[in-house]
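The values are calculated or read from the model by the stated rules, or taken from the named source; none is laboratory data. Since the structure is predicted, the reported quantities are computational estimates derived from the model, not experimental observations. Ideal geometry is used to build each Cβ from the backbone, glycine not excepted, and the neighbour counts take in all protein chains shown. The area values use the complete protein model at the heavy-atom level, side chains included, leaving out ligands, DNA and RNA. Shrake-Rupley method; radii C 1.70, N 1.55, O 1.52, S 1.80 Å.
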Amino acid sequence: MNLKTLAMAGALGMAACAAQAEVKVGMITTLSGGGAGLGIDVRDGFMLALEQSGRTDIEVIIEDDQRKPDIAVQLADKMIQSDKVDVMTGIIWSNLAMAVVPGAVAQGKFYLSPNAGPSALAGKGCHPNYFNVAWQNDNLHEAAGAYATDINSTNTFVLAPNYPAGQDAVTGFKRTFRGNVVGEVYTQLGQTDYAAEIARIRSSVADTVFFFLPGGMGISFLKQYADSGVKKPLIGPAFSFDQGILQAVGDAALGVKNTSQWNKDIDNPTNAAFVASFQEKYGRLPSLYASQGFDTANLLISAVESADVNDPDAFRAALEAADFKSTRGDFAFGNNHHPIQNIYVREVIKEGDVYTNKIVGTALENHADAYAPECRM
């Protein structure tokens, strides 16, 4: 399905100015299928920031990768060779990022990741033109491991899908968890039936369960886990407890602790304005992914305001400066162009008829990823 959209930041009539755009952005993201909600939120957050900026010199071409690496590669080739984009963004899934990002930056394009942060791009595979505005994949899982340790969990069962982000999730959790991992299971990407895995959890000696199952996978697991009657407490990263997922899961998620670098109650003016304006424009609370799309666009805008994209060194320096107001508060990149940031513990609550999260603690402060020392930029 072709969802190509030419959108200009500004008021009505933006499309008429597209030919005059000075910076062309190619956004490849997931807009159909099981992971569509994530890509839609990244897109909507990104476009909201452009609209609020009032700029008319940034053109965005949006395409649906259908969560398929081959489609993503085809779209990237088209954007680079035919559309002549300057900057690329949008990919949700790490396996798609690994298929697209290395080739894009090798051809001189800048890539700003609003989500996927595979370890292979953070360490030895880092690149001067690659910036991650969200996290390195291990980060939220490292926070979950630290939290599990803080609550004195001694035995845990871990569950994640078998793809780069899933492998990074387990690696990150085990890096900071000080107890015993008594079960470690990698599921199929896109799996919806977790009866066998839940049976293994039930029979294990685990006192907690750490799981990373984003999108529809998380919805299926949480519902089935609640129905199973297993009472071992769940701990996970924000990906399985975000706004879209929570509404689908309902009461089964209440009280579960999860880790995130963002939440709607982070107390700063930028975040408060973002939450209010997103809800007003789209009629729903923003998700973690929406906040990342919003921050990614504002990073880009800050660079466009101070440097010419046709001067790669100057534009790169402008991106590295990260001179923008983030929904997370202070924002800074490490040497490998990944964020150094606080990661919080959230609890699932219900506000009226809406399931959401509130921050209940900080798991890691000013946290950098474990792969940065391997980056030799």
(request) May I ask for the distance between the Cα centers of region 179-233 and region 84-105, given as a whole number of Å? (result) 31 Å
(request) Just name one of ALA314, LEU299, PHE157: the one whose Cα is farthest towards the positive end of the charge dipole of the chain (beta-carbon charges, Lys/Arg +1, Asp/Glu -1). (result) PHE157
(message) Please enumerate, by chain and number, the aspartates and glutamates with C-alpha under 13 Å from the C-alpha of LYS24, excluding those fewer than 8 residues away in the same chain.
(response) ASP57, GLU59, ASP83, ASP86, ASP308
(request) Keeping all protein chains in place, calculate the accessible area per residue for the chain (probe 1.4 angstrom), answer in Å². (result) 37 Å²
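Above 27 angstrom, tally the Cα pairs of region 168-307 and express them as a % of all pairs, no decimals.
Across region 168-307, Cα pairs with separations above 27 Å total 32 percent.
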(request) Given the options ILE62, ILE91, ILE28, state which has the largest fluctuation in a GNM of the chain using a 10 Å cut-off (strictly under) for Cα springs. (result) ILE62
(request) Please give the per residue volume of the convex hull enclosing the alpha carbon atoms of region 266-372, rounded to a whole number of Å³. (result) 119 Å³
(message) Probe radius 1.4 Å, ligands and nucleic acids left out: which of ASP207, ASP70 has the largest accessible area, and how do the rest follow?
(response) ASP70, ASP207
(message) For the chain, report the % of Cα-Cα distances exceeding 33 Å.
(response) 25 percent
(message) I'd like the carbon and sulfur percentage of the solvent accessible area for the chain, probe radius 1.4 Å, heavy atoms only, ligands and nucleic acids excluded.
(response) 49 percent
(request) Have a look at PHE239, VAL249, GLN81 and report the one farthest towards the positive end of the charge dipole of the chain, computed about the Cα centre with Cβ charges (Lys/Arg +1, Asp/Glu -1). (result) VAL249
(message) Nearest 500 deg cm²/dmol is fine: what mean residue ellipticity at 222 nm does the chain get from its DSSP H runs of n ≥ 4 alone, each adding -39,500 (n - 2.57), divided by its residue count?
(response) -12000 deg cm²/dmol
(message) How large is the direction-averaged shadow of the alpha-carbon convex hull of region 89-197, in nm²?
(response) 7.5 nm²
(message) So if I place +1 on the C-beta of Lys and Arg and -1 on the C-beta of Asp and Glu, and nothing else carries charge, what would the dipole magnitude of region 261-344 be about its Cα centre? I want it in debye, nearest 20.
(response) 420 debye
(message) Helix 312-321 against the longest principal axis of the chain: what's the angle in degrees, Cα atoms only, rounded to the nearest 10?
(response) 40 degrees
(request) Please name which of GLN224, TYR289, TYR111 has its Cα lying farthest along the dipole of the chain towards the positive end, using unit charges on Cβ (Lys, Arg +1; Asp, Glu -1) and the Cα centre as origin. (result) GLN224
